[in-house]
Amino acid sequence: MKIVGLLLSAAVLAASAAAQAPPRFTLEHRMLLRCSAAFAIVAGEQQRGVASALAYPALGERGREYFVRASARLMDDLALTREQVEASLRAEVEGLQKASAETADPAAGIDSVMRPCLSALEASGL
C-alpha cells in the first residue's frame with residue numbers, strides 16, 4: 001500500500017512540475033504572442049488618443065480578434081491553460097513596454113514590431 005501511495009505522490013509531483021515548466025514556443029508561437037501584445041498596447045493607446053498609435057489602422061476589433069485566435073492557437077498547439085497563455089501574453093506586453101521605455105525613440109521601437117505584425121494581421125484575413 002505504501003508503494004502505491006509513493007507512486008501516486010511521484011506522479012502528482014511530476015504532473016505538477018510539467019504543468020509549471022515553461023512552454024516550448026516555436027518562432028511562429030513567439031510571433032503570435034508578440035503581435036498580440038503589440039496590438040493590445042497600440043489599441044489601448046488608440047483608445048487614449050495617443051498620436052503615434054493613431055497613425056496605425058484601428059486595432060480595437062481586428063486586434064482583439066487576432067488576440068483571441070492567437071490565444072486559442074497557443075492553447076491548442078501547446079496544450080496550455082488559459083492562465084498559462086495569459087501569463088505569457090502579460091510577460092510579452094511587459095517586455096515590449098520595458099524595451100520601449102529604454103529606447104531613445106519609443107515610436108521607432110514599436111514601429112519595428114508593428115510592421116511585421118500588421119503584415120501578419122493582413123495575412124490572417126481579419
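Assorted remarks:
- Stokes-Einstein translational diffusion, segment 70-113 - Kirkwood Rh over all Cα pairs, 0.890 mPa s, 25 °C, in µm²/s: 211
- GLU65 exposes around 70 Å² of accessible area when a 1.4 Å probe is run over every protein chain in place.
- Rg and Dmax of segment 39-116, Cα atoms only, in Å: 13.5, 39
- Per residue accessible area in Å² of segment 56-126, where ligands, DNA and RNA are left out and the probe is 1.4 Å: 61
- Accessible carbon and sulfur surface of segment 29-87 relative to its total accessible area, %, 1.4 Å: 53
The values are calculated or read from the model by the stated rules, or taken from the named source; none is laboratory data. What you see is a predicted model; the values in this text were computed from it and never measured. Please note that ligands, DNA and RNA were not included when accessible areas were found on the heavy atoms of the full protein model with its side chains. Shrake-Rupley method; radii C 1.70, N 1.55, O 1.52, S 1.80 Å.
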